[in-house]
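The structure appears right after this line, and notes come after that.
The values are calculated or read from the model by the stated rules, or taken from the named source; none is laboratory data. Because the structure is a prediction, the values reported are computed rather than measured. Here Cβ is always computed from backbone atoms with ideal geometry, including for glycine, and neighbour counts include all displayed protein chains. In case anyone asks, the SASA skips ligands and DNA or RNA and just uses the protein heavy atoms, side chains included. Shrake-Rupley method; radii C 1.70, N 1.55, O 1.52, S 1.80 Å.
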Amino acid sequence: MGAGYVGLVTAACLAEVGNRVHCVDRDRAKLHQLRGGHLPIYEPGLDAIVQRNAAAGRLSFTEDLGAAVADADIVFIAVGTPPREDGSADLSQVLQAAQSVAREAGRGMVVVIKSTVPVGTCDRVREVMDAELARRGAPHELRVAANPEFLKEGHAISDFQRPDRIVIGADDEHACALLRALYAPYSRNRDRLICMGVRSAEFTKYASNAMLAARISLMNELAGLAERVGADIEAVRRGTGADPRIGYDFLYAGAGYGGSCLPKDVRALVRMAEEYGAPADILRSVQQVNIRQRGLLYGKLERMLQGCLAGKTIAVWGLAFKPLTDDIREAPAIDLIRRLLQAGATVRGYDPVAAANARRALGHRAFSIAADAYSACEGADALVVMTEWREFKSPDFRGLAHALRAANLLDARNIYDPQYVRACGLRYEGVGRDGSSAKGMLPAAVAAPVR
């Protein structure tokens, strides 16, 4: 249930190994698009899997829930849980889906919550379904399990087909055994399935994303200090990540985290802590550092342009929150562009796949989409690299220096060598890279005269 990002990837990948899958959604326009072999989202490799399994009859798209669950063994609920204003997750779609399943189910089955939900949601789902079954006088039982997703946008197919872990939350052996059988094709050479209590599984998803967000925010905070003491955060990253207890993943300073998961899940954890009366000091700090990082990038660009952004033209490479996706939800690039537009700047953006989404989200006369990366820079006062797409990794820096009206480059992802970029005639600014002005400086407490 739900033909969004998680539901569509799950449906396609389960069909790929031989299961018969009905993907249910209420959005008729989306269903028409999918039946025609077109995807409403961008995810590398997903279109081929959807088309192949739809043609083979293993994957279908429907709004008829009754027909879909008529012979189902397992129902995955993968609908949205958008954040409310207070940061808590809106569970209305999940609970409505659960009630609909109980209303339509004519046999016993396992209902699996795939959506990211707060701890205790499966208990509420069970209550809703039991109440509906009792109202109907239905004799069968609907078992509830949690199966959080750990899919990285841009790598969702490989993450699903070659998972590092499969977390199952179930309070009865039947549900766990059925899901173990379903996921057996992905655990042939090593058992990746971890079965635990329902509440532990629900919490695992949030805990994982909180850990990742914390690494990003800590690295960005260290980058700010590195600039002041004259260190290069990229060298520090290599030296720190070499410790196997730390590793290199999510150890990059830059524009901060965005997307549909990390910001929402950290906010939801903070809200959860408030509800249960638990401290959340680190989680709140993770949020604050991420918000502050976006302001720091704006400040860097403002200083590069001598404090005046009004009337300036800024080129922005990368609009999605990360490469290999068209997702712009809470993307740092979108936040920066909004700030620039408010300051009176003109912005030309370029992204290989997220341009249309960015145009719809921004809708400002001073924002335009360039046909390619280099045309975005023609006559611009600065280039800002906000997403590390592969095609941005090795540009013609000398050509950029000539194309830009003012040769300013803000590397918000630290993907370039500062010395080489400067040698090509560009003024370079990274994140935690340029500590040259701090060399020879002493901390204020040491440099101040003794009285």
Yes/no for GLY108 being in contact with an Asp or Glu (Cβ under 6 Å, 6 or more places away or on another chain), surrounded by fewer than 17 Cβ atoms within 10 Å (Cβ to Cβ) and not basic (Lys, Arg): yes
Filter result for ARG103 (among the basic types (Lys, Arg) and touching a helix residue (DSSP H, G or I) at 6+ places or on another chain (Cβ under 6 Å)): yes
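Just the residues that are part of a loop (DSSP other than H, G, I, E, B) and either under 22 Å from ALA70 (Cα atoms) or free of Cβ contacts under 8 Å to residues at least 60 places away in the same chain (or both), please, taken from region 149-181.
Our first condition is that a residue be part of a loop (DSSP other than H, G, I, E, B); within region 149-181, this holds for 149-155, 162-165, 171-172.
Within region 149-181, PHE150, LYS152, ARG162, PRO163, ASP164, ARG165, ASP171, ASP172 qualify.
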Residue in region 259-274 that is open to solvent by 70 Å² or more (accessible area, probe 1.4 Å) and free of Cβ contacts under 8 Å to residues at least 24 places away in the same chain present: yes
Exclusive hit being at pLDDT below 95 and closer than 29 Å to GLY224 by Cβ, set GLY435, GLY363: GLY435
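Rundown of residues vs (1) of a type outside the set (A, V, I, L, M, F, W, C); (2) under 20 Å from PRO185 (Cβ atoms); (3) modelled with pLDDT of 95 or more, yes/no style:
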position: MET1; (1), (2), (3): no, no, yes
position: VAL9; (1), (2), (3): no, yes, yes
position: ASP64; (1), (2), (3): yes, no, yes
position: ASP73; (1), (2), (3): yes, yes, yes
Pairs with Cβ under 6 Å, 6+ apart, first in region 340-368 and among the basic types (Lys, Arg), second not in a loop (DSSP other than H, G, I, E, B): ARG348/ALA315; ARG348/SER368; ARG348/ALA376; ARG359/ILE369
Elements of type strands (runs of 3 or more DSSP E) in region 338-410, at least 3 residues being buried (at least 19 other Cβ atoms within 10 Å of the Cβ): 346-350, 382-385
Among (1) over 22 Å from ARG84 (Cβ atoms); (2) assigned to a loop (DSSP other than H, G, I, E, B) - the single one GLY258 does not satisfy: (1)
Set ASP90, ASP86: member being among the charged types (D, E, K, R), out of contact with any strand residue (DSSP E or B) (no Cβ under 9 Å at 6 or more places or on another chain), loosely packed, with under 15 Cβ neighbours inside 10 Å and at pLDDT below 95: ASP86
